[in-house]
Each structure stands twice: as structure tokens, then as C-alpha cells.
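The values are calculated or read from the model by the stated rules, or taken from the named source; none is laboratory data. No experiment lies behind these values; they were computed from the predicted model shown. Cβ placement follows ideal geometry from the backbone for every residue including glycine, while neighbour counts extend to all protein chains displayed.
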Amino acid sequence: MARARRGGVGWRTVLAAALWLLVVAAEAGKYNAVFNFGDSLVDAGNLVTEGIPDYLATARPPYGQSYFGYPTGRCSDGRLVIDFIAQEFGLPLLPPSKAKNASFAQGANFAITGATALDTEFFEKRGLGKSVWNSGSLFTQIQWLRDLKPSFCNSTQECKDFFAKSLFVVGELAGNDYNAPLFAGKDLREAYNLIPHVVQGISDGVEQLIAEGAKDLIVPGVMPSGCFPVYLSMYVDPKEGYGPRSGCLKRFNTFSWVHNAMLKHALEKLRAKHPGVRIVYGDYFTPVIQFLLQPEKFGFHKQPPRACCGAPGKGPYNFNLTAKCGEPGATPCADPKTHWSWDGIHLTEAAYGHIAKGWLHGEFADQPIIQSS
């Protein structure tokens, strides 16, 4: 090998760069497919494949404006966490599992707006059936996966082999489960009573996917609900009930934290039970708190929790239940990239991009999806 010239690029640098490119290339081809489950945080259009319901504001402009240029059924101005993950591995954006004439050879998105971790029957038994807009619980979505198997494998073993080389993203789920009592006017204690059931439901769903052959899963927790304009507009606490720096409702953030702590404990138990399976916890909580406390780090405006797209309502949150984003009276902000909250309920593409990066490389996950070795 010729000696590198003084002041030029040394052979060690060239070798290191070559090795890095090999690692990147290997990671880009790491998964044959990605399969996603969840609710409106990750729904890529399952709710609108049969047509757009008149009541569905999230299927109208300005949804989708920042990336697609038109509404796609995603509850954001552009891409979601799952979209960034698929693109990271060189895969196409996952088609909604209910899409007609779509190719599912490289994965599918089973998430649907309104989904819960638990089945509708659970809520009906507790008198909460009317407050659950359940378009497909986790177990229903797993059945959709089973129904779709002929699209990418032909035998039990072939399916297990295919799933073993796929990434499964199980959530976010649970937000709508807890909204059932809260939006029905129940006390927060009613939601606390649901946590063990919801966490067990998610755990059972993960076990079902492992039984199908999944070897690589990421299971996200919930966001800090007390930071979202929808909750801040619906609930008013005494002054000391708000975070002095974040402006979030402390009791709701504590609730979200408890759910996440119990979910992480459940995932530890699953790891011990299935040592040959990698289960990653995906953190939605920490990034949203950081978006508020360190907005300049992410290119966001320093401001109270505020929706980019909405209309004036109670407080400084730009959220109004009678004029939500996509409805008459609501308008989007000039630059969604400067906001983390899109419509007061869901996040902007910019926020989802930061979270996806944190899951992929470990800043917002208990281990990175992309391993360095």
C-alpha cells in the first residue's frame, strides 16, 4: 500500500470510512420488512381506505401539507415516526394494511385511528363503551396480520423465517384506553385503575407476535399527556398544578410516567422469558418534555404548549374543541418545523423525525434499534 502523503488522508482514515459505510449498508438492509401496530400516532391511512367520513377532519387539508402535499390519513403535517424508520432501512413507506392493490412484501401498517390496547368488550363491561372509538384494538390488528400472511409467506416456517428478519413496532397504544374514562368525565383514579389491564394487554400482544415469529420488536410508551393542548384546554388546575418550566399539567404527566414505568417492568419480564428476542422500549415521554424545556435544540419556538394548527380557545394553547385543525375556523402556523405539536393532539413531522432518530440511535430508547456492532 502506498504511503499516504503528509497532510493528505491517511489509510487509517480511509479504512475507517470504508468500514463505516459497510456498517451503514448492513444496517440499511437489516430488515426484510417492518410491521407497525398502533393508533392515530402511527396510522398511515387505514381509517380512510374505504372513503373519507364526513366527520374526519384529519383527512382534510392542511394535514399532510409538509411532505405529501395533501392529506393521506396521517394525523400530522407530514411523516410519522414509523415512516422515518422505514426510510432509514431503505424500505418504502408502509402501506396501510387495508389498502387495495398494495404490495405488502416489505411490510404493512396495521395502525388505525382510535385504536386501543384492549378490546371494546372490556370497556363495555365497565360502562365505557360509548366513549371508546375503537376502530381496531391491538388484538384485532394482530389478526389482520394473520389474515395478510399469504401476501408475504406460504407456510408456517416460511412465515416465521420472514418475521425473524422483520422489525415489529407495537404502538403507541394505551392513549385511547385512558381517554375512555377521562373523556367520559371520570376522575383520573378511574384511569389509574386501567393501567394494569392496559399494560397486560400490550404484553399479551407482544407475546402473540413473538409466537408468530417476531425476533425484533420496539414497544413505545405514552407521551406526557399533561403537555398536550387538548388536555390543557379541557382541565384547569390550581396554579401549583402546572410545571413551572414546562407549563404542563403535573398530575397527568405523573399518570403517563406511571404507565411507562409499569410497561418497562412488563418488558423486562418478557425479555427474561424470551432471551432470544430483542425488545426495545421506545420513549415518547422524554422527547416531548425536551421539546418544551430545550426547544432551541430541536429548532422549535420557545413557547407554552401550543398547537401549530388550530384556533384560539381557552388559554394560550391555540386549541379549540369546536374548531380543531381541518375544521372551519382553524388555520396552520406559518412554519410547522418550529412547533412540536401539530393539532394539539398529535405531533408535527419535525417532532416525529427527532423521536425516530432517538429510537434508531438510542437517545430516546433503552437500546438503539441500530446497533453499533
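Only one of the listed residues (Y281, Y231) is hydroxyl-bearing (S, T, Y), closer than 23 Å to H361 by Cβ and surrounded by 16 or more Cβ atoms within 10 Å (Cβ to Cβ). That residue is Y281. For the stretch 44-91, filtering for residues that are free of Cβ contacts under 8 Å to residues at least 60 places away in the same chain, under 17 Å from G344 (Cβ atoms) and not in a loop (DSSP other than H, G, I, E, B) leaves 0.
Here L270 does not fit the description of being in contact with a helix residue (DSSP H, G or I) (Cβ under 8 Å, 6 or more places away or on another chain), part of a helix (DSSP H, G or I), buried (at least 19 other Cβ atoms within 10 Å of the Cβ) and among the aliphatic types (A, V, I, L, M). The conditions of being more than 17 Å from the chain's Cα centre (by Cα) and not in a helix (DSSP H, G or I) are met by C153. Taken together, A261, A191 contain a single residue that is assigned to a helix (DSSP H, G or I), surrounded by 18 or more Cβ atoms within 10 Å (Cβ to Cβ) and of a type in the set (G, A, S), which is A191.
Is it true that Y192 is of a type in the set (F, W, Y) and farther than 24 Å from K324 by Cα?
The answer is yes for Y192.
For the stretch 192-229, the set of residues classified as under 18 Å from the mean Cα position of the chain (by Cα), under 30 Å from P304 (Cα atoms) and of a type in the set (A, V, I, L, M, F, W, C) consists of V219, V222, M223, C227, F228, listed by residue number. Return the residues of the stretch 17-38 that are among the hydrophobic types (A, V, I, L, M, F, W, C), part of a helix (DSSP H, G or I) and either at pLDDT 85 or above or in contact with a Phe, Trp or Tyr (Cβ under 9 Å, 6 or more places away or on another chain) (or both); say none if nothing qualifies. Residue satisfying the conditions is A28 alone. Based on this model, can you work out whether K186 counts as surrounded by fewer than 21 Cβ atoms within 10 Å (Cβ to Cβ), among the basic types (K, R), over 17 Å from the mean Cα position of the chain (by Cα) and in a loop (DSSP other than H, G, I, E, B)? Considered against the rule, which asks whether it is surrounded by fewer than 21 Cβ atoms within 10 Å (Cβ to Cβ), among the basic types (K, R), over 17 Å from the mean Cα position of the chain (by Cα) and in a loop (DSSP other than H, G, I, E, B), K186 comes out as yes. All conditions but one from (1) in contact with a Leu (Cβ under 9 Å, 6 or more places away or on another chain); (2) surrounded by fewer than 21 Cβ atoms within 10 Å (Cβ to Cβ) apply to F162; the one that does not is (1).
Among the residues of the stretch 218-226, are any more than 18 Å from H274 (Cα to Cα), among the polar types (S, T, N, Q), touching a Phe, Trp or Tyr at 6+ places or on another chain (Cβ under 6 Å) and buried (at least 17 other Cβ atoms within 10 Å of the Cβ)?
yes
If I ask for residues that are of a type in the set (D, E), crowded, with 19+ Cβ neighbours inside 10 Å and farther than 25 Å from F89 by Cβ, which ones from the stretch 325-373 would you list? Hit for the stretch 325-373 is D343, nothing else. Comparison of I195, I202, I289, I210 shows that the only residue that is touching a Ser or Thr at 6+ places or on another chain (Cβ under 8 Å) and in contact (Cβ under 8 Å) with a residue 60 or more places away in the chain is I289. In the set L41, L94, only one residue is touching a helix residue (DSSP H, G or I) at 6+ places or on another chain (Cβ under 7 Å) and either part of a loop (DSSP other than H, G, I, E, B) or modelled with pLDDT under 95 (or both); that residue is L94. Suppose the filter is in contact with a strand residue (DSSP E or B) (Cβ under 8 Å, 6 or more places away or on another chain) and part of a loop (DSSP other than H, G, I, E, B); does L173 pass it? Taking the combined requirement at face value, the residue satisfies it. Taking into account only those residues within the stretch 246-266 that are aliphatic (A, V, I, L, M) and without any contact (Cβ under 8 Å) to a residue 60 or more places away in the chain, which is nearest to N179 (Cα to Cα)? Ranking the candidates gives L249 first.
Condition test on D147, is it assigned to a helix (DSSP H, G or I), touching a Gly at 6+ places or on another chain (Cβ under 9 Å) and of a type in the set (D, E)? Taking the combined requirement at face value, the residue does not satisfy it.
Counting only residues that are within 11 Å of T116 (Cβ to Cβ) and at pLDDT below 95, the stretch 132-151 holds 5 of them.
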